Amino acid sequence: EDDYGGIPSCVIFVDLAPGEGPKLHKHPYVELFFVIEGQATFRDGASENILTAGDVAIAPPDQPHGFTNSGAGRLRQIDVHLSSTFETEWLEDQQT
């Protein structure tokens with residue numbers, strides 16, 4: 001954090017094939033999702049929303065969430081975790 005102006009964040013560059021994506025999980029901090037290319041279905045355990053290029057989603061702290069590339073091409077997005085450390089609690093088995 002101190003190496004980059006004191007901004008607590010972890011950035012993930014996502015590039016997924018159709019059908020791929022993380023299952024339901026949560027973090028103890030806010031996560032921002034910026035869809036650059038493709039289509040993603042975001043879910044929070046109760047509802048689903050389809051996002052496409054130019055859309056932004058926000059997961060509040062401890063909000064269950066997951067997403068899948070639901071389009072025909074690659075899903076490219078940037079995920080920003082507003083924390084200087086990456087912490088994930090998986091709520092679904094990642095192997096199924």
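The values are calculated or read from the model by the stated rules, or taken from the named source; none is laboratory data. Quantities reported herein were computed from a predicted structural model and do not represent experimental measurements. Positions of Cβ are backbone-derived with ideal geometry, glycine not excepted, and every protein chain shown enters the neighbour counts. Heavy atoms of the whole protein, side chains included, go into the accessibility calculation; ligands, DNA and RNA do not. Shrake-Rupley method; radii C 1.70, N 1.55, O 1.52, S 1.80 Å.
Figures for the structure shown
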quantity	calculated
Residue match in the stretch 46-54 (condition: open to solvent by 60 Å² or more (accessible area, probe 1.4 Å) and touching a residue at least 24 places away in the same chain (Cβ under 8 Å))	no
Selection count where residues are hydrophobic (A, V, I, L, M, F, W, C), assigned to a strand (DSSP E or B) and either without any contact (Cβ under 8 Å) to a residue 24 or more places away in the chain or more than 22 Å from Glu87 (Cα to Cα) (or both), scope the stretch 17-45	2
Subset of the stretch 76-96 that is assigned to a loop (DSSP other than H, G, I, E, B), of a type outside the set (Gly, Ala, Ser) and touching a Phe, Trp or Tyr at 6+ places or on another chain (Cβ under 8 Å) - its residue that is farthest from His27 (Cα to Cα)	Leu82
Sole exception among (1) open to solvent by less than 50 Å² (accessible area, probe 1.4 Å); (2) closer than 17 Å to Val11 by Cα; (3) not aliphatic (A, V, I, L, M) for Lys23, by number	(2)
